[in-house]
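The values are calculated or read from the model by the stated rules, or taken from the named source; none is laboratory data. As the structure is a prediction and not an experimental result, all values here were calculated from the model. Glycine also receives a Cβ, built like all others from the backbone with ideal geometry; neighbour counts cover every protein chain displayed. In case anyone asks, the SASA skips ligands and DNA or RNA and just uses the protein heavy atoms, side chains included. Shrake-Rupley method; radii C 1.70, N 1.55, O 1.52, S 1.80 Å.
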Amino acid sequence: MAKKYCYLFSEGDATMRELLGGKGANLAEMTKIGLPVPQGFTISTEACTQYYEDGRKINDEIMAQAMECVKKMEEINGKKFGDLKNPLLVSVRSGARASMPGMMDTILNLGLNDDVVAAMIAGNSDPAFERFVYDSYRRFIQMFSDVVMEVGKKYFEQLIDKMKAEKGVKFDVDLTAADLKNLAEQFKAEYKNQLGKDFPSDPVDQLKLAIEAVFRSWDNPRANVYRRDNDIPYSWGTAVNVMPMVFGNLNNESGTGVAFTRDPATGEKKLMGEFLKNAQGEDVVAGVRTPMPIAQMEQEFPEAYAEFVKVCDTLEKHYHDMQDMEFTVENRKLYMLQCRNGKRTAQAALKIACDLVDEGMKTEEEAVLMIDPRNLDALLHPQFDTKALKAATPIGKGLGASPGAACGKVVFTADDAEAWNARGEKVILVRLETSPEDITGMKASQGILTVRGGMTSHAAVVARGMGECCVSGCSEIVMDEENKKFTLAGKTFSEGDFISIDGTTGNIYDGVIPTVDAKIAGEFGRVMSWADKYRKLKVRTNADTPTDAKKARELGAEGIGLCRTEHMFFEPSRIAAFREMICSDTVEEREAALAKIEPMQQSDFEKLYEALEGEPVTIRFLDPPLHEFVPTEEADIEALAKAQGKTVQRIKEIISSLHEFNPMMGHRGCRLCVTFPEIAKMQTSAVIKAAINVKKSHPDWNVKPEIMIPLVGEVKEFVFVKKIVVATADAIIKEAGADLEYEVGTMIEIPRAALTADEIAKQADFFCFGTNDLTQMTFGFSRDDAGKFLGAYYDAKIYENDPFAKLDRTGVGKLMDMACKLGRPVNPKLHCGICGEHGGDPYSVEFCNEIGLDYVSCSPFRVPIARLAAAQAAINAKK
C-alpha cells in the first residue's frame with residue numbers, strides 16, 4: 001500500500017504535529033472539537049522530505065493523493081476546482097511543526113483565471129461583487145508571482161501606487177472594479193515581462209506550483225537563519241495546508257482579524273487583537289490600512305463577535321495556554337483559520353505561566369516547561385524600544401554574541417572608550433577584534449562591535465560575563481582603525497557618530513534607537529523557585545571579579561565553576577610585574593616578580609570567597625600563552641626594559657621569541673607550570689592563604705578551594721603540577737596550624753584527556769569540561785577563524801549550528817560522556833561539571849543533565865537561563 005501523504009482535517013488531531021505541522025495539527029484539532037473551520041487537507045512533512053529526496057520535485061504519488069483530497073474537499077464544500085458555475089478557490093499555507101512566523105509563504109485565492117473571474121461576475125450583478133472578484137484576482141496574481149515564481153513584490157506595488165496616484169485616492173479600497181480589472185491586466189503583463197511566459201491559467205498547475213513553492217521556502221535564506229537561531233532541525237520539513245477560501249474582502253458585511261486570548265506584551269488576561277472590515281488576512285499583518293481594536297468588532301458584527309469570544313474561551317481551556325488566532329468573517333459568519341500557542345514577551349510568559357497555575361490549568365512542572373529559557377535574556381538586559389525598533393532597518397548583521405541593546409557614539413580604542421565615558425558620553429567600542437588589555441574600555445562602553453571573532457571569541461566571552469551587549473564577527477565592515485573610521489552598507493562612520501547594536505539578533509543600526517531598561521518582574525522569583533525545586537543539576541557561574549560573583553549570586557548561582565586568574569593580571573598595577581616575570585632570565589628573577597603579584601592575587605581570592613559565603617569556588621591556574629601579556633607599544637617596551645635593567649633590543653628579542661604559529665595549541669595551560677613551576681607555587685600560595693584568612697573570619701563557612709589545572713592531556717603532566725600544588729599548600733596549612741581541605745582537579749579540554757580519563761581520575765578530585773577548547777580541538781578548527789567558512793557549511797547543510805554556541809553531542813558530547821564513564825568507576829568521589837560557554841545554552845544543559853554531570857557553570861547573566869533549562873531537562877527526563 002502506498003504511503004499516505006495527504007490528510008483531510010477530519011482525519012487528524014493535535015498529537016500528529018510531527019506529521020501535519022503545527023498549523024495542520026491545530027486545524028484538525030479545531031475540526032475535532034467542533035469549531036467552524038473551512039474543511040481542507042494537509043500535505044505532510046514527509047512529503048516535503050520526499051520532495052527534497054526527489055531532487056526538489058513533487059512526485060506523481062504525492063500529487064495524485066493531493067488531487068484525491070481536492071475531490072473530497074469539493075464534495076464537502078459543494079464547489080468545484082476550476083469550475084465556471086461554482087468555483088472552489090483555495091489558500092495554500094505552510095506549517096512546520098515549530099512555529100516559524102514570517103518565515104514561510106502563503107498564497108490566497110488560488111484557482112482564479114480569466115474564465116473563472118468572468119463566470120463569477122456573470123452570476124452576480126452586484127457591482128460590489130464585481131469589485132470583490134477583481135480585488136481577489138489582482139491579489140492572487142501578485143502573491144503567486146511573488147511567492148511562487150519569485151518575481152519581486154515591488155513591481156506590483158509600483159503599479160498599485162501609480163494607479164492610486166492617477167485616480168487621486170489614498171487606499172486600495174478606494175479603487176473601483178474597473179481600476180482593479182485594469183490592474184489585473186497590468187499585473188499579468190508585468191508577469192510576462194519578467195518571466196517571458198503567460199500567467200498559468202490551469203488551477204491544477206497553479207496548485208502544484210504553489211505546493212512546490214511552500215516546500216521550497218523551507219530552504220529559503222530567511223527560514224535557514226530563523227531555524228539556526230531557534231534550534232529547529234532542517235530535517236523536520238514543513239507541511240502544506242490547502243483549504244477553501246473564505247472571503248473577508250467580499251463586502252462590508254465581511255472582514256478579517258488576528259487576536260490573542262491574553263496580552264502578549266504583559267500577559268494580562270484580556271482579549272487583544274485587531275480587525276479590519278472588507279479585507280483579507282495579509283492586510284491586517286501588512287499594516288496597509290489601520291485596523292480597529294477587536295472590541296470594536298462587537299458593534300460591527302455582534303453575532304460573529306459573541307461566537308468568537310466563546311471560541312477563544314474554548315481554545316484556551318482546551319490547550320491550557322494563551323492562543324494566537326486568525327479568523328475571517330464572511331457575510332457575518334465566523335470561520336477559524338488558525339490557532340497556536342501565542343508568542344509572548346518574557347515578562348508575559350512568566351505572568352501567564354503563574355496565572356495558569358493559579359487558575360488550575362497547569363501544574364508547576366507544566367508551567368516551568370512553558371517558558372523558553374533563552375527569552376529570560378530580555379528581563380536581564382536593556383532592550384530597544386519596540387516601536388522605534390519596528391521603524392528601523394538594520395544596515396548590517398553580525399553574531400548576537402551577548403544579549404541586550406546598546407546605543408552610543410563610535411570609538412575605536414579602549415583608551416578612548418574610557419576617556420569619553422569619563423566625560424559622560426555613551427560609547428560603542430568598535431574593534432577588529434578585542435584583546436585582554438581592552439577590558440577597561442569594554443567596561444566603559446555601552447556595547448561592543450567586532451569585525452572578527454565568533455560566539456566564543458574574547459569579546460563575546462568577556463561581554464557575556466559583564467552582561468554587556470556585544471555583536472561580533474560582522475565581516476561586512478571595512479575597518480580603518482588608523483583613521484578611526486569604518487564603512488558599512490556604503491556609509492562611512494567616524495569617531496563620534498551614533499550607532500545602535502542588538503546583541504540578541506546581531507543587527508546593527510545607523511543612528512539612535514532608544515533603549516528601555518531591563519525589568520525583573522515579580523513572577524520571576526516564583527518561576528525560578530519552581531525551577532530550583534525540580535532541577536537536579538547545580539548551577540555555578542564563571543566569574544573573575546567579586547562584582548561578577550555577587551551579581552551571579554543574586555541571580556541564583558551556587559558557586560564559581562571557573563575563575564580565570566589571568567584576567568586579574570591585566571590591571572595596570574599588575575601587568576608591569578607580570579611582564580617582568582615573563583622577561584626574567586633566572587628562576588630568582590621570576591620569583592621576585594611573582595612575589596609582587598602574590599599579595600594582589602591573594603586579595604582577589606579573599607574577596608571572591610567573601611562574595612561566595614562558603615559556596616564552592618573553582619580557581620583555574622594561568623591558561624593563556626605568555627605572548628598575550630607582553631607589550632606592543634614602544635613606550636611600554638621602553639618602560640619594561642628600564643624596570644628589568646635590559647636593553648630595548650633584548651626585550652624585543654624576548655617578545656619575538658614568544659611568538660607561536662598556533663598559540664591555542666602552544667605553550668599555555670599546565671605546560672607553563674611544567675616549564676615555570678614557580679607560577680604554580682605562587683598561585684597555590686595565594687589561593688590557600690586567602691582561604692585560611694577567610695575561614696578564620698567566618699568559621700561557619702565551608703571554605704574549600706578547588707584548584708583546577710588547565711589543558712591537561714597526559715596524566716603524568718597532571719601529577720607533575722599536582723605535586724607542586726600539594727607540597728606548597730600542605731606546607732602553608734601546616735605553618736598556619738589551620739584546618740583546611742582543598743581539591744585539585746583538571747579541565748578536560750583536550751580529546752586525549754577524555755580518552756584517558758580513567759588514568760587521570762585516579763589522581764584528580766574533579767573534572768570540568770572546558771568545551772570551548774574541547775570543541776576547537778575535536779573539530780580541529782580555530783574558534784576565532786571558523787566564522788570565515790562556517791557560513792558555507794550552513795548553506796551546504798554540513799552543519800546546522802555553530803558548534804561553539806550549541807554543543808556538538810555527536811562528537812564532543814561523546815568524549816564528555818566517555819570521560820565521565822571512564823572516570824567515575826575508578827574514583828567514586830569524582831565530581832564533574834562544565835564551564836565552557838555551552839554551560840548557559842539550554843540545548844547543551846539538557847545534554848549535561850542526560851550524561852549525569854553534577855553542575856553547569858556559565859556567565860552571571862546566563863545563570864537564570866541555566867536554572868530553568870536544568871529544571872526542564874529534569875522534568876522531561878522524568879517523562
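Only one of these is at pLDDT 95 or above and under 21 Å from the mean Cα position of the chain (by Cα): Ile760, Ile834. Name it.
On the way: Ile760 fails: under 21 Å from the mean Cα position of the chain (by Cα).
Exactly one residue qualifies, and that residue is Ile834.
Scan the stretch 307-314 and give yes if some residue there is farther than 28 Å from Pro373 by Cα, free of Cβ contacts under 8 Å to residues at least 12 places away in the same chain, part of a helix (DSSP H, G or I) and touching a helix residue (DSSP H, G or I) at 6+ places or on another chain (Cβ under 9 Å), otherwise no. No, the conditions are met nowhere in the stretch 307-314.
Identify, from the list Tyr191, Tyr226, the residue that is touching a residue at least 40 places away in the same chain (Cβ under 8 Å), open to solvent by less than 20 Å² (accessible area, probe 1.4 Å) and among the hydroxyl-bearing types (Ser, Thr, Tyr). Talk me through it step by step, then tell me what you get.
Values: Tyr226 fails: open to solvent by less than 20 Å² (accessible area, probe 1.4 Å).
Unique residue meeting the criteria: Tyr191.
Here is a check on your reading of the model: is Ile76 in contact (Cβ under 8 Å) with a residue 12 or more places away in the chain and open to solvent by 50 Å² or more (accessible area, probe 1.4 Å)? Even if it seems obvious, please write down each step before you answer.
Values: in contact (Cβ under 8 Å) with a residue 12 or more places away in the chain: yes; open to solvent by 50 Å² or more (accessible area, probe 1.4 Å): yes.
Yes, satisfied.
Among the residues of the stretch 702-740, which ones are open to solvent by 40 Å² or more (accessible area, probe 1.4 Å) and not in a helix (DSSP H, G or I)? Asn702, Lys704, Glu714, Gly737, Asp739, listed by residue number.
Counting only helices (runs of 4 or more DSSP H) that sit wholly inside the stretch 124-203, those with at least 2 residues that are of a type in the set (A, V, I, L, M, F, W, C) and farther than 15 Å from Leu112 by Cβ are 153-167, 177-195.
Do the conditions hold for Glu678, that is, is it closer than 30 Å to Met818 by Cβ and not polar (S, T, N, Q)? Judged against the criteria, Glu678 is not a match. Taken together, Thr504, Thr492 contain a single residue that is open to solvent by 50 Å² or more (accessible area, probe 1.4 Å), of a type in the set (S, T, N, Q) and either closer than 22 Å to Gly424 by Cα or not in a strand (DSSP E or B) (or both), which is Thr504.
Here is the figure for the stretch 529-551: residues that are among the aromatic types (Phe, Trp, Tyr) and assigned to a loop (DSSP other than H, G, I, E, B) total 0. Restricting Leu822, Leu830, Leu807, Leu853 to those that are of a type in the set (A, V, I, L, M), out of contact with any Gly (no Cβ under 9 Å at 6 or more places or on another chain) and either over 26 Å from Ser235 (Cβ atoms) or buried (at least 20 other Cβ atoms within 10 Å of the Cβ) (or both) reduces the list to Leu822. Considering (1) surrounded by fewer than 19 Cβ atoms within 10 Å (Cβ to Cβ); (2) touching a Leu at 6+ places or on another chain (Cβ under 9 Å), the lone condition that Asn341 does not fulfil carries the number (2).
Return yes when Ala184 is under 23 Å from Leu276 (Cβ atoms), surrounded by 12 or more Cβ atoms within 10 Å (Cβ to Cβ), of a type in the set (Gly, Ala, Ser) and over 43 Å from the mean Cα position of the chain (by Cα) and no when it is not. It is false that Ala184 is under 23 Å from Leu276 (Cβ atoms), surrounded by 12 or more Cβ atoms within 10 Å (Cβ to Cβ), of a type in the set (Gly, Ala, Ser) and over 43 Å from the mean Cα position of the chain (by Cα). Kindly evaluate Ala213 against the criterion of being within 22 Å of Val70 (Cα to Cα), touching a strand residue (DSSP E or B) at 6+ places or on another chain (Cβ under 9 Å) and not aromatic (Phe, Trp, Tyr). When the stated conditions are applied, Ala213 passes them.
A quick yes/no check of all residues on (1) open to solvent by 40 Å² or more (accessible area, probe 1.4 Å); (2) at pLDDT 95 or above; (3) within 18 Å of the chain's Cα centre (by Cα):
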| site | (1), (2), (3) |
| --- | --- |
| Ala353 | no, yes, no |
| Phe384 | no, no, yes |
| Thr393 | yes, no, no |
| Phe412 | no, yes, no |
| Ala422 | yes, no, no |
| Leu432 | yes, no, no |
| Glu437 | yes, no, no |
| Met442 | no, no, no |
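A single entry from Tyr319, Tyr335 fulfils the requirement of being among the aromatic types (Phe, Trp, Tyr), within 32 Å of the chain's Cα centre (by Cα) and open to solvent by 30 Å² or more (accessible area, probe 1.4 Å): Tyr319. Residue pairs whose Cβ atoms lie under 6 Å apart, separated by 6 or more positions or on different chains, with the first residue in the stretch 1-27 and open to solvent by 10 Å² or more (accessible area, probe 1.4 Å) and the second among the aromatic types (Phe, Trp, Tyr), are Leu8/Phe41.
Taking the criterion of being among the β-branched types (Val, Ile, Thr), over 13 Å from Asp739 (Cα atoms) and crowded, with 19+ Cβ neighbours inside 10 Å, the residues of the stretch 663-701 that qualify are Ile679, Thr684, Val687. Being buried (at least 20 other Cβ atoms within 10 Å of the Cβ) and not in a helix (DSSP H, G or I) is the filter; apply it to the stretch 282-306 and report the residue that is modelled with the lowest pLDDT. The extreme case among them is Pro291.
If only residues of the stretch 38-62 that are touching a Leu at 6+ places or on another chain (Cβ under 9 Å) and part of a helix (DSSP H, G or I) are counted, the one that is most open to solvent (accessible area, probe 1.4 Å) is Glu46. Out of Asp841, Asp784, Asp795, Asp802, one residue alone is open to solvent by 40 Å² or more (accessible area, probe 1.4 Å) and closer than 16 Å to Val461 by Cα. It is Asp784. Looking across the stretch 625-652, the residues that are open to solvent by 50 Å² or more (accessible area, probe 1.4 Å) and closer than 25 Å to Arg671 by Cβ come down to His627, Glu628, Thr632, Arg650, Lys652. Scanning the stretch 455-480 for residues that are in a loop (DSSP other than H, G, I, E, B), touching a helix residue (DSSP H, G or I) at 6+ places or on another chain (Cβ under 8 Å) and either within 20 Å of Ile513 (Cα to Cα) or open to solvent by 10 Å² or more (accessible area, probe 1.4 Å) (or both) returns Met455, Gly467, Glu468, Gly473, Ser475.
Within the stretch 507-545, restricting attention to residues that are farther than 25 Å from Ala265 by Cβ and among the β-branched types (Val, Ile, Thr), the residue that is most open to solvent (accessible area, probe 1.4 Å) is Thr545.
Quick check on the stretch 800-817. Is at least one of its residues closer than 21 Å to Arg464 by Cβ and in a helix (DSSP H, G or I)?
Of all residues in the stretch 800-817, those closer than 21 Å to Arg464 by Cβ come to 801-808, 812.
So of that shortlist, the ones also in a helix (DSSP H, G or I) come out as 812.
Within the stretch 800-817, one or more residues are closer than 21 Å to Arg464 by Cβ and in a helix (DSSP H, G or I).
For Ala757, the criteria (1) aliphatic (A, V, I, L, M); (2) on the phi > 0 side of the Ramachandran plot; (3) touching a Phe, Trp or Tyr at 6+ places or on another chain (Cβ under 9 Å) hold in every case but one, which is (2).
Residue by residue, here is whether (1) touching a Gly at 6+ places or on another chain (Cβ under 9 Å); (2) closer than 26 Å to Lys689 by Cα; (3) assigned to a helix (DSSP H, G or I); (4) not hydrophobic (A, V, I, L, M, F, W, C) holds:
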| residue | (1), (2), (3), (4) |
| --- | --- |
| Met568 | no, yes, yes, no |
| Ala577 | no, yes, yes, no |
| Lys596 | no, yes, yes, yes |
| Met600 | no, yes, yes, no |
| Leu608 | no, yes, yes, no |
| Thr618 | yes, yes, no, yes |
| Asp636 | no, no, yes, yes |
| Leu640 | no, no, yes, no |
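Within the stretch 499-539, restricting attention to residues that are in contact with a Cys (Cβ under 7 Å, 6 or more places away or on another chain) and closer than 21 Å to Leu432 by Cβ, the residue that is modelled with the lowest pLDDT is Gly503.
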